[in-house]
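A.B. asks: Starting off with a structure, shown below.
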Amino acid sequence: MVKNPKFVNRDISWLSFNERVLQEAEDKTVPILERLRFLAIFSNNLDEFFRVRIATLKRVMDFGKKAKTQLHVKPHKLLDEIQKIVIQQNLQFEKTYKEIQHELRTHGIHIIDETKLSAAQSKFVKNYFADNVRPSLVPIMLNQVKHFPYLKDKSIYLGVKLSVNGKPKMTQYALLEIPADAAARFVILPSVNNNQYVILLDDIIRHNLPEVFSIFPFDRIEGYTVKLTRDAELDIDNDVSQSFLDKISKSVKNRQKGDPVRFVFDQSMPPDLLAVFTSRMKLRKYDNLIPGGRYHNFKDFMSFPQLGAKNLRYEDYKPLAHPALVKDKSMFDAIKKRDILLHYPYQGFGQFIELLREAAIDPTVKSIKITLYRAAKKSKVINALINAARNGKDVTVVVELQARFDEEANIKWAKALAEENIHVIYGVQGLKVHSKLCLIQREEKGKNKMYVNISTGNYNEVTSNVYSDESLLTADPHITSEVAHVFDFFERNYIVRQYKYLIPSPLRTRKKFMQLIDVEIHNAKHGKKAGIFLKMNSLVDEEMIAKLYEASNHGVPIRVIVRGICALIPGVPGMSENIEAISIVDRYLEHSRIFIFANEGDPTYFISSADWMARNLDTRIEISCPITDRHLQKELLDILEIQWADNVKSRVLNLPQDNTYRHSASPVKVRAQEKIYQYLKKVQT
């Protein structure tokens, strides 16, 4: 798209990341039900991409020439390229789904549609439909309505064509919303000869369309799935008289009314039915009309029934207990002795919940302060905080109301916490609170003693089972006092402290890491030991990337592990020949941010909540924390070296975005996530 580019377009890179997820679904060494789950993750990712990124691009198009300056490409050309990639990926998706269906049948698991039902199964489906589905269906006869019905984001619909053979003028069209709450998406049919059968709700409805439209004389009734994706960016006005909580609530409701950004339809849909949708909804080329398969909202396959033998899923790894956190002993005593670093999900998040539970009943604990960005639906963290408040502790919770797609849940939690007389702070207006901090204050021997948790991931016991993150527990007064400064800022935004150890955004992150890179450049120039090792989710900020290019040109060896978007182009002579970059996609989502700088042989280590994106550096409250304990530094380096040695699940990041698997000359297979579990099992026993 751009001749001799310095950066990969972030949206093209994002689609490349999602292709790596699709590769996991294609990988025949992955257990078959997990391959189905990766298809669901791919689908969910793509939904969010259109809701947010495509919506943003369509807004940017209104800026004309300024848009090209920002994107380094004309928005129309970028949207064309995106649509081309998405259509190709959809073809891969459908092919992979058919392969998975075929393999599932060899294990006695059959996903069938309404055309393959036996007489007994048909009777079961009709009864199920009558009892669970029929009361929730409200068909809309499109020929009879003046205005086309409003299609909701996240919902799926059946476009129905009703016709009489030989009488085309009698053809009518209807719309049916597939009810998301009235019935499960998957229904398990009675098994036959040890074979298990599953049918989707969509097909149950298709099977019963003649009953739905029984008052009409049509002899042919066909149903095809459609889905509309809408702009999901929140528009929050500047009416300061309205409470921030009310603004977010209103914006979340308005999200359902956002402009169309994608229309996905069953590619086997008759042209006349498709024309009804596109013409009456006034859909245009840049509304992204995407021909798809029979089923949409494939993300629901994350909840596909747990059928078949255990070997059809990943082997369960029992979370490891950290040896320093001994059962029946005070966790505060353990943290007081030394810094502790938990590596999720290899070591259980439950150990942090136990810390909160201990704090809730410990008579010496006076206060607990915590930031919440995303919490589980049935949050044990929030339950522990409520219990602490009921036990007389002073509890403060900073709830980020603008956590994308979790706004509604966070509003609910904020209200529940407030009802328990917990001090709730609704983030900081103008700055999204993305840092993950917990501060516990005890009274020990008449003095205040503080304990802190700083994490790269959310306080969410569900996602912590599948996200790899780092979580520091420390009583180091240098760190705890500065975390206290951060909470002071949350309560009184006019108080801005100086930070010597923590690196906060938006105050210092960009400047500090620029300085650290400059140190490596200086050392490389003078023949001293230099090097940079970075791991993060996304590397997009052009200023930071340009600084890495500068370091590369001065001979600084740089290794980068980026799970998702990577705008940096490694290995280009005269620009980035000393930079290597890989991505790892496996059963766990690589979510931790770790930054290591050689520093003339005395390396500096940091864990962080911040990726190197403009939003994390400049418009969010993020915290990067130094790791100074030599044992913990070794653990972090060992883990990164294991990941760098991965030759099973790592891909090379490059300009073509071809996601080539990274192979090594060694005959030994290294699958990093398995190796890290074994490493921690050995090193901490």
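A.B. asks: Out of the residues in region 204-222 that are of a type outside the set (Val, Ile, Thr) and over 17 Å from Lys126 (Cα atoms), state the one that is nearest to the chain's Cα centre (by Cα).
C.D. replies: Checked region 204-222; the qualifying residue nearest to the chain's Cα centre (by Cα) is Glu222.
A.B. asks: Something else now. Among the candidates Ala384, Ala484, single out the residue that is in a helix (DSSP H, G or I), of a type outside the set (S, T, N, Q) and surrounded by fewer than 20 Cβ atoms within 10 Å (Cβ to Cβ). I'd like the intermediate steps shown before the answer.
C.D. replies: Working: Ala384 fails: surrounded by fewer than 20 Cβ atoms within 10 Å (Cβ to Cβ).
Of Ala384, Ala484, the one residue that is in a helix (DSSP H, G or I), of a type outside the set (S, T, N, Q) and surrounded by fewer than 20 Cβ atoms within 10 Å (Cβ to Cβ) is Ala484.
A.B. asks: Condition test on Ile100, is it of a type in the set (A, V, I, L, M, F, W, C), touching a residue at least 60 places away in the same chain (Cβ under 8 Å) and surrounded by 15 or more Cβ atoms within 10 Å (Cβ to Cβ)?
C.D. replies: It is true that Ile100 is of a type in the set (A, V, I, L, M, F, W, C), touching a residue at least 60 places away in the same chain (Cβ under 8 Å) and surrounded by 15 or more Cβ atoms within 10 Å (Cβ to Cβ).
A.B. asks: Looking at (1) surrounded by fewer than 22 Cβ atoms within 10 Å (Cβ to Cβ); (2) touching a helix residue (DSSP H, G or I) at 6+ places or on another chain (Cβ under 6 Å); (3) assigned to a loop (DSSP other than H, G, I, E, B); (4) touching a residue at least 60 places away in the same chain (Cβ under 8 Å), which is the one condition that is false for Gly555?
C.D. replies: With respect to (1) surrounded by fewer than 22 Cβ atoms within 10 Å (Cβ to Cβ); (2) touching a helix residue (DSSP H, G or I) at 6+ places or on another chain (Cβ under 6 Å); (3) assigned to a loop (DSSP other than H, G, I, E, B); (4) touching a residue at least 60 places away in the same chain (Cβ under 8 Å), Gly555 is out only on (4).
A.B. asks: Scanning for something surrounded by 16 or more Cβ atoms within 10 Å (Cβ to Cβ), touching a Gly at 6+ places or on another chain (Cβ under 8 Å) and part of a strand (DSSP E or B), does region 354-370 turn up at least one residue?
C.D. replies: no
A.B. asks: Within region 651-671, how many residues turn out to be under 25 Å from Ile12 (Cβ atoms) and either modelled with pLDDT of 90 or more or not in a loop (DSSP other than H, G, I, E, B) (or both)?
C.D. replies: Within region 651-671, residues that are under 25 Å from Ile12 (Cβ atoms) and either modelled with pLDDT of 90 or more or not in a loop (DSSP other than H, G, I, E, B) (or both) number 12.
A.B. asks: Right, next: Does Ala40 satisfy the criteria of being crowded, with 18+ Cβ neighbours inside 10 Å, at pLDDT 95 or above, of a type outside the set (Val, Ile, Thr) and on the phi < 0 side of the Ramachandran plot?
C.D. replies: Yes: the conditions hold for Ala40.
A.B. asks: Quick one: in region 598-611, of everything that is crowded, with 20+ Cβ neighbours inside 10 Å and farther than 19 Å from Ile479 by Cβ, which residue is nearest to the chain's Cα centre (by Cα)? Break it down stepwise before answering.
C.D. replies: Looking only at region 598-611, we keep the residues that are crowded, with 20+ Cβ neighbours inside 10 Å, and these are 598, 605-611.
Retained after the next criterion (residues that are farther than 19 Å from Ile479 by Cβ): 598, 611.
On the way: Ala598: 31, Asp611: 14 Å.
Applying the filter and picking the extreme gives Asp611.
A.B. asks: Please determine whether any residue of region 612-625 is in a loop (DSSP other than H, G, I, E, B), polar (S, T, N, Q) and modelled with pLDDT of 95 or more.
C.D. replies: At the first step, the residues of region 612-625 found to be in a loop (DSSP other than H, G, I, E, B) are 613, 619.
Filter again for polar (S, T, N, Q), leaving 619.
Those still in the list that are modelled with pLDDT of 95 or more too: none.
Taking every residue of region 612-625 in turn, none turns out to be in a loop (DSSP other than H, G, I, E, B), polar (S, T, N, Q) and modelled with pLDDT of 95 or more.
A.B. asks: Further question: Do the conditions hold for Lys123, that is, is it farther than 30 Å from Asn195 by Cα and either touching a residue at least 60 places away in the same chain (Cβ under 8 Å) or assigned to a helix (DSSP H, G or I) (or both)? Full working, then the answer.
C.D. replies: Details: farther than 30 Å from Asn195 by Cα: no; either touching a residue at least 60 places away in the same chain (Cβ under 8 Å) or assigned to a helix (DSSP H, G or I) (or both): yes.
No, not satisfied.
A.B. asks: Then there's this: Looking at (1) over 20 Å from the mean Cα position of the chain (by Cα); (2) surrounded by 16 or more Cβ atoms within 10 Å (Cβ to Cβ); (3) under 19 Å from Thr463 (Cα atoms), can you tell me which one Thr396 breaks?
C.D. replies: (3)
A.B. asks: Within region 261-314, which residues are among the aromatic types (Phe, Trp, Tyr) and either assigned to a helix (DSSP H, G or I) or in contact with a Lys or Arg (Cβ under 7 Å, 6 or more places away or on another chain) (or both)?
C.D. replies: Result: Phe277, Tyr286, Phe298, Phe301, Tyr314.
A.B. asks: I need a count of the residues in region 274-310 that are in contact with a helix residue (DSSP H, G or I) (Cβ under 6 Å, 6 or more places away or on another chain) and closer than 14 Å to Leu33 by Cβ.
C.D. replies: So the answer is 3.
A.B. asks: Further question: Which of the numbered conditions does Arg206 fail, given that it passes all the others? Conditions: (1) at pLDDT below 95; (2) in contact with a strand residue (DSSP E or B) (Cβ under 6 Å, 6 or more places away or on another chain); (3) part of a helix (DSSP H, G or I).
C.D. replies: All conditions are met except number (1).
A.B. asks: Given the criterion modelled with pLDDT under 95, out of contact with any Leu (no Cβ under 8 Å at 6 or more places or on another chain), closer than 29 Å to Ile422 by Cβ and of a type in the set (A, V, I, L, M, F, W, C), identify the matching residue among Ala359, Ala321, Ala376. Break it down stepwise before answering.
C.D. replies: Working: Ala359 fails: modelled with pLDDT under 95; Ala321 fails: closer than 29 Å to Ile422 by Cβ.
Only one candidate qualifies: Ala376.
A.B. asks: Could you list, ordered by first residue, the pairs with Cβ atoms under 7 Å in which the first is in region 472-499 and without any contact (Cβ under 8 Å) to a residue 12 or more places away in the chain and the second is acidic (Asp, Glu) and surrounded by fewer than 19 Cβ atoms within 10 Å (Cβ to Cβ), at least 6 apart or interchain?
C.D. replies: Ile495/Asp488
A.B. asks: What number goes with the only condition from (1) acidic (Asp, Glu); (2) surrounded by 17 or more Cβ atoms within 10 Å (Cβ to Cβ); (3) within 23 Å of Ile565 (Cβ to Cβ) that Asp658 does not pass?
C.D. replies: (2)
A.B. asks: Please go through region 119-148 and give me each residue that is surrounded by 14 or more Cβ atoms within 10 Å (Cβ to Cβ) and either within 24 Å of Leu273 (Cα to Cα) or not assigned by TED's automatic domain parsing to the domain that holds Tyr295 (or both), ordered by number.
C.D. replies: Hits for region 119-148 are Arg134, Leu137, Pro139, Ile140, Met141, Leu142, Phe148.
A.B. asks: Out of the residues in region 72-111 meeting the condition of being out of contact with any strand residue (DSSP E or B) (no Cβ under 6 Å at 6 or more places or on another chain) and not in a helix (DSSP H, G or I), tell me which one is nearest to Arg35 (Cα to Cα).
C.D. replies: His107
A.B. asks: On to the next question. Which ones in region 282-319 are surrounded by 14 or more Cβ atoms within 10 Å (Cβ to Cβ) and either farther than 22 Å from Glu48 by Cβ or basic (Lys, Arg) (or both)?
C.D. replies: Scanning region 282-319 gives Arg294, Lys299, Leu307, Gly308, Leu312, Arg313, Tyr314, Tyr317, Pro319.
A.B. asks: In region 612-641, what count of residues is obtained for those that are surrounded by fewer than 19 Cβ atoms within 10 Å (Cβ to Cβ), among the polar types (S, T, N, Q) and farther than 30 Å from Lys681 by Cβ?
C.D. replies: 1
A.B. asks: Looking at this structure, is Ile156 in contact with a helix residue (DSSP H, G or I) (Cβ under 9 Å, 6 or more places away or on another chain) and at pLDDT 90 or above? Give the steps one after another, and end with the answer.
C.D. replies: Details: in contact with a helix residue (DSSP H, G or I) (Cβ under 9 Å, 6 or more places away or on another chain): yes; at pLDDT 90 or above: yes.
So Ile156 fits the description; yes.
The values are calculated or read from the model by the stated rules, or taken from the named source; none is laboratory data. Quick caveat, the model's predicted, so the values are computed rather than measured. Backbone-built Cβ (ideal geometry, glycine too); neighbour counts: all protein chains shown.
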